[in-house]
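> My structure is below; once you've seen it, I'll send some questions.
The values are calculated or read from the model by the stated rules, or taken from the named source; none is laboratory data. As the structure is a computational prediction, the values presented were derived from the model and not from experiment. Note that we place each Cβ from the backbone using ideal geometry, even for glycine, and neighbour counts take in every protein chain shown.
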Amino acid sequence: MSIFDKCDGYTLAHETQAAGLYPYFHPIEEATATEARIRGEWKVMVGSNNYLGLTHHPRVLEAAANALTNYGSGSTGSRFLNGTLDLHYELEERLARFFHKEAALVFTTGYQASLGAMASIIARGDHLFLDRLDHASLVDGARLSHGEVHRYPHGDFAALGKQLARIGDGGGKLVVSDGVFSMEGSVVDLPALVRVAKAHGAQVMIDEAHAVGVLGPDGAGTVSHFGLSDDVDLILATFSKSLASVGGVIAGPDSVIHWLRHHSRALIFTASMPPSSVAGALAALDVLEQEPERRDRLWANTNLVAQSLRSMGFDTGESDTPVIPVLIGDFEKVLLAWRTLFDHGVFTHPIVPPAVPLNACRIRVSMSAEHTDDQIERVLSAFEHLARTTVLV
Ligand SMILES: Cc1ncc(COP(=O)(O)O)c(C=O)c1O
């Protein structure tokens, strides 16, 4: 037996390619904030996380270009050593203020921020409690820690309370949840989560990946939306969505951030965020704060598309954010639906196991403030066509 047997025996992707239904790794030849050219054809992009549409904002592009000139194309080292720029500190100070926390630490991706925080804070004898629908990066961060991991059924805070009560005073406890669930588009009931966590002496960490720029009076996310900044201990966010860059952050108490700076392997043993990405994220944060009307446009686009899809008879689940899942059913049906939409000039994502259960496959649509009326019409007309086909029967 060879360790590569499983690779040689993996045929699903080839079979899907042969059937013309392979939805992954399609190279984009050119892009705007809301359209992508693929094999010479422009598609309306409703498969990105570009909620505020800032990837092509002139101020973001100019800041990134200036950073390239002033600092070079890469940091060529760890934050710990030669990879810390003044820009990293500036972004950390800005984000600490933005999230109403004492301090913040910037990682090279959001995924690494999750790994870096959990693996170094959660020690042997500690306990982590994760919602069943938490993002894979949180699950992997939990796995990499030395603590015991408990999963509670999605949004079931009575079950969470029982799990916490069973542990009692035996070890530290951290409850970790998405603020906005990435495949459902639903918002966590944060007041209920916080109540249960505090009743059992647990700390709370919220992943604001899909909430920054979307929720809260200042666009700072779920925690700010519920006015619970003092009750949530750690905030994780990524720059790969509304902030139109790449990178991640943990914001929290000064002592915790200081600890992470000196113990987090996902910070220390990898190169830091490149200068252009840091400068781009900083400029995007400026625009997020100075152009709140973008959030209004995002919500207007979201409400229009969600209501229109529902009135066509599509089931959009529990979504109440710009992430709009369209529930389709099984694996084959969702691939056929994806292909139908793609052929009608709309780029979506088919969401299949292990991200969701086999019978709950869905098309994921995500809206942007930059989508025009014309683009929205093209998206809705593609879905109207899908509703009329036999694909869904
Ligand atoms: C909910 C959630 N958390 C964390 C991440 C990881 O962020 P990044 O893309 O910066 O690694 C993602 C991105 O897919 C996400 O959707």
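> Quick one: is Gly201 farther than 19 Å from Gly161 by Cβ and free of Cβ contacts under 8 Å to residues at least 60 places away in the same chain?
no
> Look through the range 167-189, keep the residues that are more than 13 Å from the ligand (Cβ to nearest atom) and surrounded by 21 or more Cβ atoms within 10 Å (Cβ to Cβ), and return whichever of them is nearest to Ala220 (Cα to Cα).
Val175
> Restricting attention to the range 116-139, which residues are part of a helix (DSSP H, G or I) and either at pLDDT below 95 or within 10 Å of the ligand (Cβ to nearest atom) (or both)?
Ala136, Ser137, Leu138
> If you don't mind, there's one more thing I want to ask. Answer with yes or no whether Tyr24 is assigned to a loop (DSSP other than H, G, I, E, B) and either out of contact with any Phe, Trp or Tyr (no Cβ under 6 Å at 6 or more places or on another chain) or surrounded by 15 or more Cβ atoms within 10 Å (Cβ to Cβ) (or both).
Yes.
> Please count how many residues of the range 346-393 are assigned to a loop (DSSP other than H, G, I, E, B), crowded, with 21+ Cβ neighbours inside 10 Å and among the small types (Gly, Ala, Ser).
2
> Scanning for something at positive phi, assigned to a loop (DSSP other than H, G, I, E, B), in contact (Cβ under 8 Å) with a residue 12 or more places away in the chain and within 16 Å of the ligand (Cβ to nearest atom), does the range 141-162 turn up at least one residue?
yes
> Being within 19 Å of the chain's Cα centre (by Cα) and among the aromatic types (Phe, Trp, Tyr) is the filter here, so list the residues in the range 338-390 that pass it.
Answer for the range 338-390, where residues must be within 19 Å of the chain's Cα centre (by Cα) and among the aromatic types (Phe, Trp, Tyr): just Phe347.
> Taking the residues in the range 247-264 that are part of a helix (DSSP H, G or I) and in contact with a strand residue (DSSP E or B) (Cβ under 9 Å, 6 or more places away or on another chain) as candidates, determine which candidate is nearest to Lys101 (Cα to Cα).
Result: Asp254.
> Scan the range 36-72 residue by residue and report those that are assigned to a strand (DSSP E or B) and aromatic (Phe, Trp, Tyr).
Answer for the range 36-72, where residues must be assigned to a strand (DSSP E or B) and aromatic (Phe, Trp, Tyr): just Trp42.
> Right, next: So which of Ser229, Ser242 is within 16 Å of the ligand (Cβ to nearest atom) and among the polar types (S, T, N, Q)?
Ser242
Residue-by-condition table, conditions (1) among the hydrophobic types (A, V, I, L, M, F, W, C); (2) touching a Ser or Thr at 6+ places or on another chain (Cβ under 9 Å); (3) surrounded by 24 or more Cβ atoms within 10 Å (Cβ to Cβ):
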{"site": "His210", "(1), (2), (3)": "no, yes, yes"}
{"site": "Val214", "(1), (2), (3)": "yes, yes, yes"}
{"site": "Pro217", "(1), (2), (3)": "no, yes, no"}
{"site": "Gly221", "(1), (2), (3)": "no, no, yes"}
{"site": "Ser229", "(1), (2), (3)": "no, no, no"}
{"site": "Ile235", "(1), (2), (3)": "yes, yes, yes"}
{"site": "Ala251", "(1), (2), (3)": "yes, no, yes"}
{"site": "Val256", "(1), (2), (3)": "yes, no, no"}
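> Checking the structure you have, find out if any residue of the range 258-274 is under 17 Å from the mean Cα position of the chain (by Cα) and crowded, with 17+ Cβ neighbours inside 10 Å.
no
> Do we find a residue being of a type in the set (Ser, Thr, Tyr), surrounded by fewer than 17 Cβ atoms within 10 Å (Cβ to Cβ) and farther than 19 Å from Thr270 by Cβ anywhere in the range 67-85?
Yes, that holds for at least one residue.
> Consider the range 206-246. How many of its residues are outside any loop (DSSP other than H, G, I, E, B), more than 15 Å from the chain's Cα centre (by Cα) and among the aliphatic types (A, V, I, L, M)?
2
> Go through (1) within 23 Å of the chain's Cα centre (by Cα); (2) farther than 28 Å from Ala266 by Cα; (3) assigned to a helix (DSSP H, G or I) one by one and return the number of the condition Ala33 breaks.
The single condition Ala33 does not satisfy is (3).
> Further question on the same structure: Residues that are of a type in the set (Gly, Ala, Ser), within 14 Å of the ligand (Cβ to nearest atom) and at positive phi: does the range 203-214 have at least one?
Yes, that holds for at least one residue.
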